[in-house]
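**Q** Have a look at the structure that comes next, please.
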Amino acid sequence: MIYKIIFVYLLLVNLLGYFIMGVDKKRAIKQKSRVSETALWQIACIGGAFGMYIGMKYYRHKTKHTSFVWGIPAVILIQISVLYCLSQFLTD
């Protein structure tokens, strides 16, 4: 049961990460109010890093920002490590 909850949560937060990159890209093109980088990092850190990474590539957004180019993959690796450790803890 807990695995289903985690899966649904990660699915939703990664969809949010993906779509928020698209929203921010469209706002950037139209020179409208933008999504703050703090908000983007918060979404990444609560589990949406993979979706944001895919959104970065698909929308070609934030790809020149070194902090995102290196930071988002680093967050993904940390999240994979946490999920692995959590799965070990839950199976014991």
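**Q** Identify the residue in the range 63-92 that is in contact with a helix residue (DSSP H, G or I) (Cβ under 7 Å, 6 or more places away or on another chain) and open to solvent by 20 Å² or more (accessible area, probe 1.4 Å) and, among all such residues, is farthest from Ile29 (Cα to Cα).
**A** Of everything passing the filter in the range 63-92, Leu90 is farthest from Ile29 (Cα to Cα).
**Q** Can I ask one more? Within the range 42-51, is even one residue over 28 Å from Thr91 (Cβ atoms), small (Gly, Ala, Ser) and either surrounded by 13 or more Cβ atoms within 10 Å (Cβ to Cβ) or free of Cβ contacts under 8 Å to residues at least 24 places away in the same chain (or both)?
**A** No, the range 42-51 contains no residue that is over 28 Å from Thr91 (Cβ atoms), small (Gly, Ala, Ser) and either surrounded by 13 or more Cβ atoms within 10 Å (Cβ to Cβ) or free of Cβ contacts under 8 Å to residues at least 24 places away in the same chain (or both).
**Q** Still on this structure, I have one more. Give Lys26, Lys32 a once-over and let me know the one that is outside any helix (DSSP H, G or I) and either open to solvent by 90 Å² or more (accessible area, probe 1.4 Å) or under 29 Å from Phe7 (Cβ atoms) (or both).
**A** Values: Lys26 fails: outside any helix (DSSP H, G or I).
Result: Lys32 is the single residue among Lys26, Lys32 that is outside any helix (DSSP H, G or I) and either open to solvent by 90 Å² or more (accessible area, probe 1.4 Å) or under 29 Å from Phe7 (Cβ atoms) (or both).
The values are calculated or read from the model by the stated rules, or taken from the named source; none is laboratory data. Owing to the predicted nature of the structure, the values given are computational and were not obtained by experimental measurement. We place every Cβ from the backbone using ideal geometry, glycine too, and count neighbours over all the protein chains shown. Please note that ligands, DNA and RNA were not included when accessible areas were found on the heavy atoms of the full protein model with its side chains. Shrake-Rupley method; radii C 1.70, N 1.55, O 1.52, S 1.80 Å.
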